[in-house]
Amino acid sequence: MKRLYSSLLGVCFILLLSLTAAGADNVTITVDGVPLDTMAYISEEGKTMVPLRDLAQALGFSVSWDPQTRTVAVTSGGEPEVQPAALVVIDPGHGGSANGATYEGVAEKDLNLSIAKQAAQLLEEAGLTVLMTRTSDQDVGLYDRIDLANGQGADLFVSVHCNASLTNGAAMGIYTAAASEHSDGWILADILRQAMMSATGAADMGSEARPNLAVLRTAEVPAALVECGYMSTPEELALLVQPAYQEKLAMGIADGILTYLEQAG
């Protein structure tokens, strides 16, 4: 599945031309002798300004916009091919009566939901279709979570969690898991870990095969679980509750998913 790029509709990019004209209110641009129907004008510096999309289309090109890199692509051959939107399932771990880890009055289920919702929004803005196993503080069965991805034929499934350690009071960093090292889920888990570390600057706690986890073991689609940090370590818990840090984690998750989909083709 290729990454879906949004079109440039409604966005105006201006191309500086080495053309001049007298008067700022009546500017006519012609391309191969044909008047260009566009909103051109003269700048204060005396340069003629013409919207890039109108000019490119008049020359037989198409213009597309990449929201991830915020760049414009001008290509020949008519309108760019639009690929079907990938379907992604995001699973905020725990919820309802299942708090997950709880430290200093902070429940894991709330952190998971906040980070997952932000990641889902970023993915939707990139053009993907996103389903969430929960969007509020509610109980959701383990098998119901992965059944949503299996039943919808999703392109991938990511379960969002926060970590805790009973034996290492200084544990910090990003950890991911998949059912097996020999699976697409393992590739997804590794890409997610790298992307989340890059977005946050967090330490590397590695990836691990966890066939005992129901949402990974029973997945019929590439599936990974991400642990965003250790709530049991006060220093990292202080980061996890910060909206700015949650935004970085969400960006890492979204970037990892987009990278996986692009590499998977």
Which one of S232, A189, V158 has its Cα pushed farthest toward the positive end of the charge dipole of region 132-265, where Lys and Arg give +1 and Asp and Glu give -1 at the Cβ? S232
Evaluate the relative contact order of region 94-180 (contact order divided by residue number), counting alpha-carbon pairs under 8 angstrom at least 6 apart; express in whole percent. 32
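Quick note: the coordinates plus some simple rules give every number you see, no bench work behind them. Predicted model, so just to flag it, every value in this text is computed and none were measured. Positions of Cβ are backbone-derived with ideal geometry, glycine not excepted, and every protein chain shown enters the neighbour counts.
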